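The values are calculated or read from the model by the stated rules, or taken from the named source; none is laboratory data. Just so it is clear, the structure is predicted and the values come from calculations on it, not from any experiment. Glycine also receives a Cβ, built like all others from the backbone with ideal geometry; neighbour counts cover every protein chain displayed. Calculation scope for accessible area: heavy atoms of the full protein, side chains included, ligands and nucleic acids excluded. Shrake-Rupley method; radii C 1.70, N 1.55, O 1.52, S 1.80 Å.
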Amino acid sequence: MSKVLVLYTGGTIGMIKDPESGHLGSVDFNSVYEHIPELNRLQIDITTQSFKTPVDSSEMSSNDWTRIAKVIEREYNHFDGFVILHGTDTMSFAASALSFMIQDLRKPIIFTGSQLPIGVIRTDGKENLITALEIAAAKDSNGESIIQEVAVYFEYSLYRGNRSSKVSSNQFEAFQSPNYTEIAIAGVNIEYKWGSLLRTKSDKPTFLLKASSNIALIKLFPGFDIAIYKELFTINRTKGIVIESFGSGNAPSNLDFQKHLSSFIKSGGIVLNITQCSSGEVKQGAYKTSSFFNKAGVVSGRDMTTEAAITKLMFLLGTYDDLDRVKELLSISIAGEIT
Ligand code: ASP
């Protein structure tokens, strides 16, 4: 029987609506079986742990991702898989961050949550939790875990964590992975996309638990005034900037903007260019309006999501001092985040 650790960090899934006041409050997740008696019928040995004080995912920072990673580091050899119950709002950031902090995984780390609390009759939480558990416990014919990466399970789809984004605040189908196929679909059976699963040659995971928070995100819009952003380009304050540019990586040919970018990069700052389109990729130099980025030394983030770009930059700047190494790793896939 597979052993799975469920870690409740916070979020709607673990809340119960008080029938009198109507307010949402956190349940003691150790009593989860009372709310989902079906769990007793799964052929899985489940252990639950919980953050002492559940954290709404909007309140989370890289410290909370490190807390999750440390639990997995401590328990890695004692379990076959991990289910992380997490608020949906920033779940894709957390899943992306964990995919960079724990590399060369041979076991599944499945994030899930829900749009409605588990105690509500129409909850999506039961199905999400039960199927996430089945995926975390699933082994192939050689006894190896089928999923060997960080993933997000939501509403019948399993996504690679660092390819996922939250796309709806009110639909049950709240997540998508526009630049990468679902890695499994749950129907009558769970259909794994074998050719799309991440595999490593290493037999031991690496835990790299540091992240820098000196990161900024600039989303361009027509007519933006660079003067408002001047402070961000101060190297003492900011180490890395993610730019969400137009289309395939384009920006206006604004001389002031170019001047700020160039001097920030010359003084040791890192700029990563991703597209604000929800699918497709950056191709720096395809248009005149993106050729400046190449000249200035801006790194193309190709088809990375915003969540992956930000957490990868945080992780790399927290881990490596050598800026050339950071730039090199930014432009290649280290956990399946770039096609
Ligand atoms: N605000 C909640 C959170 O992200 C929403 C949810 O769990 O869906 O923690």
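Looking for something within 14 Å of the ligand (Cβ to nearest atom) and closer than 23 Å to ILE44 by Cβ - is there at least one such residue anywhere in segment 105-112? Yes, the conditions are met somewhere in segment 105-112.
Please verify whether segment 316-336 includes one or more residues that are more than 30 Å from SER202 (Cα to Cα), of a type in the set (A, V, I, L, M) and modelled with pLDDT of 95 or more. No: segment 316-336 contains no residue that is more than 30 Å from SER202 (Cα to Cα), of a type in the set (A, V, I, L, M) and modelled with pLDDT of 95 or more. Within segment 235-267, the set of residues being of a type in the set (S, T, N, Q), part of a loop (DSSP other than H, G, I, E, B) and open to solvent by less than 10 Å² (accessible area, probe 1.4 Å) comprises just one member, THR238. Exactly one residue out of ASN40, ASN63 is within 23 Å of the chain's Cα centre (by Cα) and either open to solvent by 60 Å² or more (accessible area, probe 1.4 Å) or among the aliphatic types (A, V, I, L, M) (or both), and it is ASN63.
Say whether the condition of being of a type in the set (Gly, Ala, Ser) and farther than 19 Å from VAL83 by Cβ is met by at least one residue in segment 152-163.
The first filter runs over segment 152-163 and keeps only residues of a type in the set (Gly, Ala, Ser), leaving 157, 161.
Remaining after also requiring farther than 19 Å from VAL83 by Cβ: none.
Among the residues of segment 152-163, not one is of a type in the set (Gly, Ala, Ser) and farther than 19 Å from VAL83 by Cβ, which makes the answer no.
Of the residues making up segment 286-316, those that are crowded, with 16+ Cβ neighbours inside 10 Å, of a type outside the set (Val, Ile, Thr) and outside any helix (DSSP H, G or I) number 5.
ILE147 satisfies every condition listed in (1) surrounded by fewer than 13 Cβ atoms within 10 Å (Cβ to Cβ); (2) part of a loop (DSSP other than H, G, I, E, B) except (1).
Taken together, the residues in segment 1-37 that are part of a helix (DSSP H, G or I) and either open to solvent by 70 Å² or more (accessible area, probe 1.4 Å) or modelled with pLDDT of 75 or more (or both) amount to 7. Every condition in (1) more than 16 Å from the ligand (Cβ to nearest atom); (2) open to solvent by 30 Å² or more (accessible area, probe 1.4 Å); (3) in contact with a Leu (Cβ under 6 Å, 6 or more places away or on another chain) holds for HIS78 except the one numbered (3).
Here ILE130 meets the list (1) farther than 21 Å from GLY195 by Cα; (2) within 16 Å of the ligand (Cβ to nearest atom); (3) touching an Asp or Glu at 6+ places or on another chain (Cβ under 9 Å) almost entirely, failing just condition (2).
Scanning segment 53-107 for residues that are part of a loop (DSSP other than H, G, I, E, B) and acidic (Asp, Glu) returns ASP56, ASP80, ASP89, ASP104.
Given the criteria closer than 20 Å to ASP45 by Cα, modelled with pLDDT of 95 or more, buried (at least 23 other Cβ atoms within 10 Å of the Cβ) and over 13 Å from the mean Cα position of the chain (by Cα), does VAL71 qualify? It is false that VAL71 is closer than 20 Å to ASP45 by Cα, modelled with pLDDT of 95 or more, buried (at least 23 other Cβ atoms within 10 Å of the Cβ) and over 13 Å from the mean Cα position of the chain (by Cα).
Pairing each residue of segment 1-25 that is among the polar types (S, T, N, Q) with any residue that is open to solvent by less than 30 Å² (accessible area, probe 1.4 Å) and more than 14 Å from the ligand (Cβ to nearest atom), provided the two are 6+ apart or on different chains, yields C-beta distances under 6 Å for SER2/ILE44; SER2/ALA137. Of all residues in segment 90-104, those satisfying the criterion of being under 25 Å from SER2 (Cα atoms), open to solvent by less than 10 Å² (accessible area, probe 1.4 Å) and more than 8 Å from the chain's Cα centre (by Cα) are MET101, ILE102.
What residue, among those in segment 163-190 that are outside any loop (DSSP other than H, G, I, E, B) and either of a type outside the set (D, E, K, R) or in contact with a His (Cβ under 9 Å, 6 or more places away or on another chain) (or both), is surrounded by the most Cβ atoms within 10 Å (Cβ to Cβ)? Don't jump to the end; show me each part of the working.
Filtering segment 163-190 for residues outside any loop (DSSP other than H, G, I, E, B) gives 163, 165-166, 175-176, 184-186, 190.
Within this subset, residues satisfying the condition of being either of a type outside the set (D, E, K, R) or in contact with a His (Cβ under 9 Å, 6 or more places away or on another chain) (or both) are 165, 175-176, 184-186, 190.
On the way: SER165: 21, PHE175: 26, GLN176: 20, ALA184: 23, ILE185: 14, ALA186: 20, ILE190: 16.
Looking at residues that are outside any loop (DSSP other than H, G, I, E, B) and either of a type outside the set (D, E, K, R) or in contact with a His (Cβ under 9 Å, 6 or more places away or on another chain) (or both), I get PHE175.
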